[in-house]
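Novice: This structure is in structure tokens; I'll ask about it shortly.
Only the coordinates and a few stated rules stand behind these numbers; no lab work does. Remember, predicted model here, so these are calculated numbers, not experimental data. All Cβ positions, glycine included, derive from the backbone under ideal geometry; neighbour counts span all protein chains shown.
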Amino acid sequence: MTDHFTQSGQEPFKRHIPCKLTGFRVAFRALDARAQKVGLIAVDEGVYRDGQWVAGRRLNGDEDDQGRMWRFSPYGISIERCSLYRY
């Protein structure tokens with residue numbers, strides 16, 4: 001799979017994080033001292049069908065604080081999955 005979102009010099013994580021929440025923000029930090037920061041490559045809304053992730057709409061920069069925070073709207077519940085990178 002080609003990663004079109006990770007810039008050169010960024011190391012993508014190998015896992016995705018699914019979440020079903022409402023009304024708060026999530027920030028990430030690296031536990032490894034070699035990586036200074038963690039950012040969001042992408043956040044997708046979607047559903048699980050028969051145990052498989054089916055992506056829907058990709059959130060834009062206004063909805064993820066330009067890749068700094070995973071934000072969940074206080075106006076409804078959604079299922080989202082994010083991909084992270086270290087830099």
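Matching residues to (1) without any contact (Cβ under 8 Å) to a residue 40 or more places away in the chain; (2) at positive phi; (3) surrounded by 13 or more Cβ atoms within 10 Å (Cβ to Cβ):
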site	(1), (2), (3)
22	no, no, no
27	no, no, no
34	yes, no, no
40	no, no, yes
47	yes, no, no
66	yes, yes, no
69	no, no, yes
80	no, no, yes
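Novice: Scan region 29-61 residue by residue and report those that are within 16 Å of residue 71 (Cβ to Cβ) and assigned to a loop (DSSP other than H, G, I, E, B).
Specialist: Just the residues of region 29-61 that are within 16 Å of residue 71 (Cβ to Cβ), to begin with: 38-45, 57-61.
Of everything in region 29-61, those that are within 16 Å of residue 71 (Cβ to Cβ) and assigned to a loop (DSSP other than H, G, I, E, B) turn out to be 59, 60.
Novice: Suppose we filter region 35-55 for residues that are out of contact with any strand residue (DSSP E or B) (no Cβ under 7 Å at 6 or more places or on another chain), within 24 Å of residue 87 (Cβ to Cβ) and acidic (Asp, Glu); how many remain?
Specialist: 0
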